[in-house]
2 protein chains.
Amino acid sequence: MSDETVPDRGRESGGTAPSPGTRRPGGRTARTRAAVRDAVLAGLTEHGYPGLTVEYVAAHSGVHKTTLYRRWKDIEGLVADALDLAGEDSWVPPDTGSLEGDLRALAQEVVVSFTDPAVAASGSAMIAAAFQSERAADALRDYYTERFARCEALVERAVRRGELAADPDAAAEAGAAHCGIDAGALVRSVSAPLFFRLFITREPVDDTVAEQAVAATLAAAHAGAFTVAGRADASSGASS
Amino acid sequence: MSDETVPDRGRESGGTAPSPGTRRPGGRTARTRAAVRDAVLAGLTEHGYPGLTVEYVAAHSGVHKTTLYRRWKDIEGLVADALDLAGEDSWVPPDTGSLEGDLRALAQEVVVSFTDPAVAASGSAMIAAAFQSERAADALRDYYTERFARCEALVERAVRRGELAADPDAAAEAGAAHCGIDAGALVRSVSAPLFFRLFITREPVDDTVAEQAVAATLAAAHAGAFTVAGRADASSGASS
C-alpha cells in the first residue's frame, strides 16, 4: 500500500500532528518541509542512507544548508522527519463492506506499491535506512504503529457486522465494539508474508501470494488465533 | 533460528555444495573460506555494507588482499560467498513429533536468534546488505530458498502422520507424501510475522508473538489456506 509502506511523494501533508518546522498546514513552512522530504526520499532512493548528504538535500529542495542544519540538525533528523511527514497524511484503510474485501484491498495495495518502481524505491529506502540509523528505525516504528492503528478500524467494523468474534460461539452477541481480538496482529498478518518475501527472502510477490495471505489471515481469525485469550484453542486444530 | 537467519560464525561448513575456493570439506581452503566469511560478518556487523572494505577483511581474516581479490573479486563477491557458506551447513528443521511442536520450535529459533545480540547483528547485517547489493540480495534469496526447502520436510511428515491434508475431508487417505499443500508458504507463514516486526515495523518479538504466529499458521493450515487448489474455500470462514 503506497501509504502504508511510505511515501506518495507528490501528496501534500495535511499536517495533522505538530512537528518541527510546521507552523500551519499548507503554509510556507509546510511547503518547505514537503520539499525537503521529497529531496530526502530522492536522495535515499538514489544513493541510499550512507550516501545521503545535507548538500544533496539542499540542492534538490532549494532550501539553504544553514536552514536544514538549524531545523533538522543532521541527516538522521532529516530522514526521521521525512518519515514523520509520510505518516501525517489522511490515508484511511479500505472499507469494502466485508473483512475479506478489506484485507484483500490492503494486501493488493502492498503488491501494487512494490511493483511500482518509484514507490517501491522510496519505501524500500526508508526500510533500509532503519538498518543504519536508530532514529530512522524509531521513526519507522512510529509510522507503522500509527498506520496499523488506523487499520484496526477494519477489524472493529467486522466485529460490529458479526463477521468476527473473539469466541466464535459468541458471534451472536458481537454488538460490542471490542471482543478481545488482537486487531493489530490480525492486520499485520496480511502484510507480513508480503514484506517478508520482498525484503527478507527477496522473493517476488503477486496476487497469488496476496490472496494466500488474505486466506490464511481470515482462516486464522475465524479460528480464534487472534483472540487475546484464545490462542491456545486455535492451535489445536481449527478444522475440527 | 540461528541458521535460518544466518550465521553461526563458529560453525565449520560441511561443504555440501561446490563453491568458489572450496577444494575439499575441512581442508585448508575451506578453513580459509570460513576465516574470510567470519571477517566479512564481523565487518558487516561493525560497519555495515557501505563501510566494509577488502582491507578490513584481509586484516581480520589473515588472508592477503591479493588472494581475496583473486578468489572473490570484490566486496559483493565476499558478501555473497559468506551467505553461500552460511547455507552450506547441516542444519535440519526441528522434528518434535507434531506439526505444532515443529512450528513452535521454528518460531522460537527466530526469537532466540534475534534476542542474542551477536547472532542478531550478523543476521541483520546480511539482510541489510541485500538492500545495497544485488548480488547480496540474490545470495540471500538462494539462502532462504534452500533453508525453507529443508523446512518442507516438516510439512511432509505432518501429512504422513495424517495431521494435515489438502482437503480436510480427505484426512483419512493422507498416506501420500504430497497432498497439494504449499509447504513453502506454510513454513514461511510462521517466520513472516516475526521478521516483519523485527525488520519492517521495528517492533519487539517475544514468545507471545511467536505463539500467535504458530497458532495462526496452524489454523490457516487446518482450514486449507495453504492447499494449492483450496485457497478460495479457506477464505469464506474456517470456523463454520
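A few notes on this one:
- Here B:A172 meets the list (1) more than 9 Å from chain A (Cβ to nearest Cβ); (2) buried (at least 22 other Cβ atoms within 10 Å of the Cβ); (3) modelled with pLDDT under 95 almost entirely, failing just condition (2).
- Residue in the stretch A:63-71 that is within 14 Å of chain B (Cβ to nearest Cβ), more than 17 Å from the chain's Cα centre (by Cα), under 30 Å from B:H47 (Cβ atoms) and free of Cβ contacts under 8 Å to residues at least 24 places away in the same chain present: no
- Each residue in the stretch A:80-99 was checked for being surrounded by 19 or more Cβ atoms within 10 Å (Cβ to Cβ) and more than 16 Å from the chain's Cα centre (by Cα), and 1 pass.
- Looking across the stretch A:45-74, the residues that are modelled with pLDDT of 95 or more and among the β-branched types (V, I, T) come down to A:T53, A:V54, A:V57, A:V63, A:T66, A:T67.
- Positions within the stretch A:186-205 being within 22 Å of A:A225 (Cα to Cα) and among the charged types (D, E, K, R), in sequence order: A:R188
- For the residues A:V228, A:V159, the requirement of being modelled with pLDDT under 95, over 23 Å from B:V190 (Cα atoms) and more than 7 Å from chain B (Cβ to nearest Cβ) singles out A:V159.
- Unmet criterion (only one of (1) modelled with pLDDT of 95 or more; (2) in a helix (DSSP H, G or I); (3) more than 10 Å from every other protein chain (Cβ to nearest Cβ)) for A:S191: (3)
- Residue in the stretch B:126-141 that is of a type outside the set (F, W, Y), away from chain A (no Cβ under 14 Å) and under 27 Å from B:A220 (Cβ atoms) present: no
- Hey, A:D116 away from chain B (no Cβ under 14 Å) and either touching a residue at least 12 places away in the same chain (Cβ under 8 Å) or of a type in the set (G, A, S) (or both) or not: yes
- Filtered residue count, the stretch B:200-211, keeping only those that are part of a helix (DSSP H, G or I), open to solvent by less than 10 Å² (accessible area, probe 1.4 Å) and at the interface with chain A (Cβ under 7 Å from one of its Cβ atoms): 1
The values are calculated or read from the model by the stated rules, or taken from the named source; none is laboratory data. The structure displayed is predicted, hence computed values, not measured ones. Cβ: placed from backbone, ideal geometry, glycine included. Neighbour counts: every protein chain shown. Note: areas computed on protein heavy atoms with side chains; ligands, DNA, RNA excluded. Shrake-Rupley method; radii C 1.70, N 1.55, O 1.52, S 1.80 Å.
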